[in-house]
Amino acid sequence: QLQLVESGGGLVQPGGSLRLSCAASGFTLDYYAIGWFRQAPGKEREGVSYISSSGATTNYADSVKGRFTISRDNAKNTVYLQMNSLKPEDTAVYYCAADKTYWRVVTGRPGSWGQGTQVTVSS
């Protein structure tokens, strides 16, 4: 259906920044809402941020609000997650996911998932 590929993860020091990208292939993202999720070792998966198909609506977890910014460039078929002021607690595998209905993304039931990219915040 819709293939999603994350990139941009890596090792960064506390206080540093990373920008994650979620690129789609097979279909354009114009009509898809996108969510970023993360899962740390030994912890449950949590929703990080969501964006509607048009980009008009965004949502953030309290833990990342003010530090992370989600955006999309439909012309490039890509969604981004800018992560600033990173903390060790942000260490996790980050996944992007897509669905045509915003509520399915927000509730953690999107139709398509990426493979994930590792983000490690450490000295």
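The values are calculated or read from the model by the stated rules, or taken from the named source; none is laboratory data. Note that the coordinates shown come from a computational prediction; the quantities given were computed from them, not determined experimentally. When we count neighbours, we look across all protein chains shown, and the Cβ atoms used for this are built from the backbone with ideal geometry, even at glycine. Side chains are part of the model used for accessible areas, which takes the heavy atoms of the whole protein and leaves out ligands, DNA and RNA. Shrake-Rupley method; radii C 1.70, N 1.55, O 1.52, S 1.80 Å.
Overall form of the chain: prolate. Here a/c, set by the Cα gyration tensor axes a ≥ b ≥ c, is 1.5 or more, and a/b is the larger of a/b and b/c. Overall, the anisotropy analysis places the stretch 1-67 in the prolate class: the square-rooted eigenvalues a ≥ b ≥ c of its C-alpha gyration tensor yield a/c not less than 1.5, with a/b exceeding b/c. With a Cα cut-off of under 25 Å and a minimum spacing of 8 residues unless on different chains, the lysine pairs in the chain number 5.
Just to confirm my numbers, what's the Cα centroid distance between the stretch 1-63 and the stretch 64-123 in Å? If you average the Cα positions of each part, the centres end up 2 Å apart.
With R₀ fixed at 35 Å, the C-beta to C-beta distance from SER63 to GLN115 puts the FRET efficiency at about 0.90. The 1.4 Å probe gives accessible areas that order LEU11, LEU2, largest first, as LEU11, LEU2.
Rounded to 0.05, the FRET efficiency of the ALA40 and THR101 pair, given R0 = 25 Å and the Cβ-Cβ distance, is 0.35.
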